1. Treat the count of other C-beta atoms within 10 Å as a stand-in for reagent exposure and order Glu22, Glu85 from fewest to most.
2. What list do you get for Tyr59, Tyr16 if you sort them by fewest beta carbons within 10 Å?
3. Suppose each label sits 7 Å from its Cα in the direction of the beta carbon; what would the Met33-Ile152 distance come out to in nanometres?
4. Tell me the label-point distance for the pair Met145, Val129, using the 7 Å Cα-to-Cβ offset, in nm and rounded to one decimal.
5. Which of the chymotrypsin sites (Phe, Trp or Tyr not before Pro) found in segment 123-171 are in a DSSP loop and have at most 13 neighbouring Cβ atoms, other than their own, within 10 Å?
6. Quick one: Thr215, Thr190, Thr227, fewest Cβ neighbours within 10 Å first, how do they rank?
7. Starting at the first residue of segment 90-98, write each ³J(HN,Hα) from the Karplus equation 6.51 cos²θ - 1.76 cosθ + 1.60 with θ = phi - 60°, in whole Hz, x for Gly and Pro.
8. Rounded, prolate or oblate: which fits segment 1-140, taking a ≥ b ≥ c as square roots of the Cα gyration tensor eigenvalues, rounded meaning a/c under 1.5, else prolate when a/b beats b/c?
Amino acid sequence: MYHIYTDLAIESKELYGGKDVEVEGVSVTTETMNNYSITRVKVSDEKGAQSIRKPIGNYITIDVPDLNNSDEDLKDEISKVLGKEIKNFGLNNSHSKILIIGLGNWNITPDALGPKVVDRVLVTRQFFVNYQKDFDEDMANVAAMAPGVMGITGIESFDIIKGVVDKIKPDLLIAVDALASRKMDRVSTTIQLSDTGISPGGGVGNKRMTLNISTLGIPVLAIGIPTVVNAATIVNDTLDLIISSMKEEAEMGKEFYNILEQLSGEDKYSLIEEVLNPYMKNTIVTPKDIDDVIDDLSIIVANGLNIALHPGIDIKDVNRYIR
C-alpha cells in the first residue's frame, strides 16, 4: 500500500479507509462549536498503532477554518481553547517544573513556529532559582529554549534537549513544532496536541530522534500546526478532481471510462512522484502569506501555554503584558 505522509493523526486515520470507517484499536470523537471543532483520536493498542501508523496515545485536533485569517476575538477564543486542552492532559500541576522547546529553524519561515512561540512564552525559572522557591500560587516554574537545527548548530536537536533535561530536571517537556499535512485546507488552520512525543523536523521531511518519555525519561506534550504540504500530495488531489470530472463526461462502458476506473490510487501517486522528482524533488508548498500567519499562530500557541501553565494569568494578562 502506498503511503502519503502526514503528521496529523486524524489524517492518518482518514487515509486508512475513509473518514467514517472504524479502525480496531482506534476511537474517534468530534465536538463541533461555532468557530471550531475538536476531534479526539485515541490509539489504544498496537493493532491500532500499526493501522494508522501512529504511536499508542491520545491525539487532539482543533480545526479552526478561519485560524489563518483570524481577528483578535478569534485568536483569544482559540488561545483559551488550547489552554483548556493542555490542562486536560493532566501532565502538570502547580508544583511542576516545565521545559518548553521551540523546535525548528528560525531562518525558514514555515519552520519557525517553535522558536517564535518560545519568544512569547512567559519564562519564570530564573526567579525560582534566584529566590530559591519551589512553589508560587500565581506562576509556574517554566524554562524555554529553541535549540535550532543541525544545519545551524552542528548538533542534533535531541542531544541539546537531552543535555538540558538532564541538567535542570523538568517534570514535563512541551515541544512546539511545525507539522506537515496532506490537505492544503488544514495548513495553518489546525492545531494538534499529543502525549506520544514528537520527531523534530517532521514538517519539512527531515525527521530526527523522537522526543518522548522513553528517550527523555519525562512526559512529553507535543503541540504542532501544519504549515506545509508535499507538492506530490497536492498534485494527487488535483488529479483526483480532474479524473472525477472527466468520468462524469465519459460514457459508461466506454474504453476511456474503463481506463479511468482502473487507475488505482497507488498508480496515480507513484506516477506523480516519478514525474515530479527530476524537477521538484522533496518540494513542499506553503501559503504565500506565511510570514504573517506564523506570527499570528505563534501568539495563539504562546498565549494558550501561558494561561494553561500559570495559575494567576488569564487572556487579559497575556494581551496586556506579553507580546
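1. With the sparsest Cβ surroundings first, the list reads Glu22, Glu85.
2. Working: Tyr59 25, Tyr16 16.
Fewest-to-most ranking of Tyr59, Tyr16: Tyr16, Tyr59.
3. Reported label-point gap for Met33 and Ile152 is 3.2 nm.
4. The answer from the label model is 1.0 nm.
5. Details: sites: Phe127, Phe128, Tyr131, Phe135, Phe158; in loops: Tyr131, Phe135.
Loop-located and lightly packed - Tyr131, Phe135.
6. Details: Thr215 15, Thr190 25, Thr227 29.
Listing Thr215, Thr190, Thr227 from fewest to most nearby Cβ atoms yields Thr215, Thr190, Thr227.
7. Ordered by residue, 3J(HN,Hα) equals x, 8, 9, 9, 5, 9, 6, 9, 10 Hz.
8. Verdict is prolate for segment 1-140.
Just so you know, all these numbers are worked out from the coordinates, no wet-lab data involved. Computed from a prediction, not measured in an experiment: that's the story for all the values here. Positions of Cβ are backbone-derived with ideal geometry, glycine not excepted, and every protein chain shown enters the neighbour counts.
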